[in-house]
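Single-structure report; data block below.
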Amino acid sequence: MKPSTASNTKTPFISKIIFNSRWLQLPIYLGLIIVQGVYAYKFLAALFNMLMNLTSLSETQIMLAVLGLIDVVMIANLLLMVTVGGYETFVSRLHIDSDPDQPEWLNHVNATVLKVKLSMAIISISSIHLLQTFINAAQTSEATMKWQVIIHLSFLVSAAALAYTDKLLHSVSNPH
């Protein structure tokens, strides 16, 4: 039995609205690019501050400053992955296949790959924070250190659960 003409004309229109609603994410991704600019500024300001005070900083202070710089870089990488991978996955293709600087991971990005990469980046950022805490343990309360370890372990368990779920889904979709 053929559906009525009225439902045929509404369905494509509604489908187009729903499909084109993905463009509502564009301002969000543009906002993340602005946030990357903020982190670039933060990085340069921290680097300048470290260089200007280099002679008065102890080895531990330099190490903490460098870890702070690495932390900013890791967060900027996370922002880049979310911006580029999210836009490519959920909004539109970037059409940069011929660009020699195209990141290798972008060729096979999908929602699952993006989630795994993001969870690994979050674990890396958490590891940097934990290392900073342990280096600066004398100035950090025991309760704060315990909570940071618990949170870090939560990130690890979450990433393992995500990887296991991905493995299960992959084995169901590709039985060989």
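The values are calculated or read from the model by the stated rules, or taken from the named source; none is laboratory data. Quick caveat, the model's predicted, so the values are computed rather than measured. Heads up, the Cβs are rebuilt from the backbone with ideal geometry, glycines too, and the neighbour counts pull from every protein chain shown. Heads up: the accessible areas ignore ligands, DNA and RNA and are worked out on the full protein's heavy atoms, side chains in. Shrake-Rupley method; radii C 1.70, N 1.55, O 1.52, S 1.80 Å.
Is one or more of the residues making up the stretch 139-155 closer than 20 Å to Val113 by Cβ and surrounded by 10 or more Cβ atoms within 10 Å (Cβ to Cβ)? Break it down into steps so the answer makes sense when it comes.
Of the residues in the stretch 139-155, the ones closer than 20 Å to Val113 by Cβ are 155.
Filter once more, so that each one left must be surrounded by 10 or more Cβ atoms within 10 Å (Cβ to Cβ): 155.
Within the stretch 139-155, one or more residues are closer than 20 Å to Val113 by Cβ and surrounded by 10 or more Cβ atoms within 10 Å (Cβ to Cβ).
Just the residues that are without any contact (Cβ under 8 Å) to a residue 24 or more places away in the chain and surrounded by 13 or more Cβ atoms within 10 Å (Cβ to Cβ), please, taken from the stretch 50-63.
Those that are without any contact (Cβ under 8 Å) to a residue 24 or more places away in the chain and surrounded by 13 or more Cβ atoms within 10 Å (Cβ to Cβ): Met50, Leu57, Gln61, Ile62.
Hey, any hits in the stretch 163-175 for a residue that's touching a residue at least 12 places away in the same chain (Cβ under 8 Å), under 30 Å from Glu104 (Cα atoms) and under 21 Å from the mean Cα position of the chain (by Cα)?
From the stretch 163-175, those touching a residue at least 12 places away in the same chain (Cβ under 8 Å) are 163, 166, 169; that's our starting set.
Next, only the ones that are under 30 Å from Glu104 (Cα atoms) stay: 163, 166, 169.
Now drop any that are not under 21 Å from the mean Cα position of the chain (by Cα), which leaves 163, 166.
Yes: the stretch 163-175 contains one or more residues that are touching a residue at least 12 places away in the same chain (Cβ under 8 Å), under 30 Å from Glu104 (Cα atoms) and under 21 Å from the mean Cα position of the chain (by Cα).
Determine, yes or no, whether Thr60 is among the hydroxyl-bearing types (Ser, Thr, Tyr) and farther than 25 Å from Thr133 by Cβ.
When the stated conditions are applied, Thr60 does not pass them.
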Flag for Val84 being assigned to a helix (DSSP H, G or I) and open to solvent by less than 50 Å² (accessible area, probe 1.4 Å): yes
Given (1) more than 24 Å from Tyr39 (Cα to Cα); (2) part of a loop (DSSP other than H, G, I, E, B), number of the condition Val157 does not satisfy: (2)
Among (1) crowded, with 16+ Cβ neighbours inside 10 Å; (2) at pLDDT below 90 - the single one Thr112 does not satisfy: (1)
